[in-house]
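Enquirer: Submitted below is the structure of interest, expressed as structure tokens.
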Amino acid sequence: MRSKVMLPTVIFITCAMMMNCSKNGVAAKSFGVMKNGTKINLYTISNHKGITAQVINYGARVVSLKVPDRDGKFEDIVLGFDNLAAYEKDNSYQGSIVGRYGNRIGGGKFALEGKTYQLDINDGANNLHGGKEGFHQQVWKCRQMNPSTLKLTYISPDNEGGFPGQVKVTVKYTITENNELKIEYRGVTNKTTILNPTSHCYFNLTGYPLNDILGHELMINADYFTPVDAGLIPTGEIRSVANTPMDFRTAKPIGWDISANNEQIAYGRGYDHNWVLNGQPGQMRLCASLYDPKSGRLMEVFTDQVGLQFYSGNFLDGSMTGKGGLKYNHRTALCLETQAYPDSPNKSNFPTVVLKPGEEYKQTTIYHFTVK
């Protein structure tokens, strides 16, 4: 039998769309106007220790996350853009909540309850991150609950991107007093469907995106990973990381094995794979840690999810102009996406991602920041 996966918990952010929110004395700021005339707002959440995140309601995107280094200097550790127009043009999912299905679905189709569904094709022959009009392209309703918490809500209509059912998703971002960015997800549907949202922040712990991330030391708490084919679709095998470049059970610099003579590395042009996390799905546990020796910043990732997609910024190529006019070059950021396994709807041996009426999708992921 396929085990039931509790998917990432969505944290709720709701302010009347197109209006400033002043509840609890916290005001939203304008972030510009979309091409279609929709006004987009910028929301700031923080704790008493100075850690601050900024989020826009277009794509529920984290556009800034400032944390201190070992000397107490605060810097922005996520990639992004200075203006709304750049986010509208973006095809790299910068800082967004992606869905309905984070990661890839092979051939852009799947069968559910005897019916085959054809999804948007936007990644070769596959569906990636929900398709061209996924969650990252939507305007979310938002509400600033207090100075540290923002709640966002989006209702995805039946057949959006080809997915069945109307799905209501909420995501709540919180900056805790324990120096964490906490992301909680919730989802309900009126028709049997699949759901697997995740956060697509690009991290560079040096705080300066002209530095690459090859010296960052990464640990992934996983004994196995899911190998992919040339199209980056899992083959269905669950393979040991032992004696492969995929072994991050002990922290090592990302650059050590990223150019290894290995078929999986060649397919991903580096790392772009899913790790099978150790521990009990549905229970919070440490799944990864990322350390930058230059700044001393340490980011620990906790989740209740079954999988972690590590993407090493292989397709950043200098063609994208980011914050401050800086070019985002090859491997100047990485993503650590907590989620279900890629292509789970088409792999009977993978944990299920099916959501039925009357059920609730839940997921919680925490990024905890310290220094050493």
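The values are calculated or read from the model by the stated rules, or taken from the named source; none is laboratory data. Just so you know, these numbers come straight off a predicted model, no measurement behind them. All Cβ positions, glycine included, derive from the backbone under ideal geometry; neighbour counts span all protein chains shown.
Enquirer: For the range 138-167, give me each residue that is surrounded by fewer than 18 Cβ atoms within 10 Å (Cβ to Cβ) and either under 25 Å from K35 (Cα atoms) or in contact with a Gly (Cβ under 7 Å, 6 or more places away or on another chain) (or both).
Expert: Filtering the range 138-167 down to residues surrounded by fewer than 18 Cβ atoms within 10 Å (Cβ to Cβ) leaves 146-147, 155, 157-159, 166.
Answer for the range 138-167, where residues must be surrounded by fewer than 18 Cβ atoms within 10 Å (Cβ to Cβ) and either under 25 Å from K35 (Cα atoms) or in contact with a Gly (Cβ under 7 Å, 6 or more places away or on another chain) (or both): I155, P157, D158, N159.
Enquirer: Which of (1) modelled with pLDDT under 95; (2) over 23 Å from Q363 (Cβ atoms); (3) surrounded by 14 or more Cβ atoms within 10 Å (Cβ to Cβ); (4) not acidic (D, E) does N24 not meet, given it meets every other one?
Expert: In the conditions (1) modelled with pLDDT under 95; (2) over 23 Å from Q363 (Cβ atoms); (3) surrounded by 14 or more Cβ atoms within 10 Å (Cβ to Cβ); (4) not acidic (D, E), N24 misses (3) alone.
Enquirer: Going by the structure shown, is V55 in contact with a strand residue (DSSP E or B) (Cβ under 7 Å, 6 or more places away or on another chain), farther than 26 Å from N196 by Cα, surrounded by 24 or more Cβ atoms within 10 Å (Cβ to Cβ) and not hydroxyl-bearing (S, T, Y)?
Expert: Values: in contact with a strand residue (DSSP E or B) (Cβ under 7 Å, 6 or more places away or on another chain): yes; farther than 26 Å from N196 by Cα: no; surrounded by 24 or more Cβ atoms within 10 Å (Cβ to Cβ): yes; not hydroxyl-bearing (S, T, Y): yes.
Criteria not met by V55.
Enquirer: Out of everything in the range 58-88 that is without any contact (Cβ under 8 Å) to a residue 60 or more places away in the chain and crowded, with 22+ Cβ neighbours inside 10 Å, what residue ends up being nearest to K294 (Cα to Cα)?
Expert: Looking at residues that are without any contact (Cβ under 8 Å) to a residue 60 or more places away in the chain and crowded, with 22+ Cβ neighbours inside 10 Å, I get V63.
Enquirer: Which one of F31, F110 is in a strand (DSSP E or B) and closer than 25 Å to T226 by Cα? Give the steps one after another, and end with the answer.
Expert: On the way: F31 fails: closer than 25 Å to T226 by Cα.
The unique qualifying residue is F110.
Enquirer: Can we say I194 is farther than 28 Å from D71 by Cβ, buried (at least 22 other Cβ atoms within 10 Å of the Cβ) and among the β-branched types (V, I, T)?
Expert: Values: farther than 28 Å from D71 by Cβ: yes; buried (at least 22 other Cβ atoms within 10 Å of the Cβ): yes; among the β-branched types (V, I, T): yes.
Against the criterion (farther than 28 Å from D71 by Cβ, buried (at least 22 other Cβ atoms within 10 Å of the Cβ) and among the β-branched types (V, I, T)), I194 qualifies.
Enquirer: Go through G130, G106, G114, G124 for me and flag whichever is modelled with pLDDT of 95 or more, small (G, A, S), in contact with a helix residue (DSSP H, G or I) (Cβ under 6 Å, 6 or more places away or on another chain) and over 20 Å from Y361 (Cα atoms). Before you say what the answer is, go through the steps one by one.
Expert: Working: G130 fails: over 20 Å from Y361 (Cα atoms); G114 fails: in contact with a helix residue (DSSP H, G or I) (Cβ under 6 Å, 6 or more places away or on another chain); G124 fails: in contact with a helix residue (DSSP H, G or I) (Cβ under 6 Å, 6 or more places away or on another chain).
Among G130, G106, G114, G124, only G106 is modelled with pLDDT of 95 or more, small (G, A, S), in contact with a helix residue (DSSP H, G or I) (Cβ under 6 Å, 6 or more places away or on another chain) and over 20 Å from Y361 (Cα atoms).
Enquirer: Which one of these is over 19 Å from the mean Cα position of the chain (by Cα) and under 26 Å from Y93 (Cβ atoms): G255, G307? Before you say what the answer is, go through the steps one by one.
Expert: Working: G307 fails: over 19 Å from the mean Cα position of the chain (by Cα).
None of the others qualify; the one that does is G255.
Enquirer: Follow-up. Could you tell me whether any residue of the range 62-72 is in a helix (DSSP H, G or I) and either under 19 Å from the mean Cα position of the chain (by Cα) or among the basic types (K, R) (or both)? Steps first, please.
Expert: Quick first cut of the range 62-72, residues in a helix (DSSP H, G or I) only: none.
No, the range 62-72 contains no residue that is in a helix (DSSP H, G or I) and either under 19 Å from the mean Cα position of the chain (by Cα) or among the basic types (K, R) (or both).
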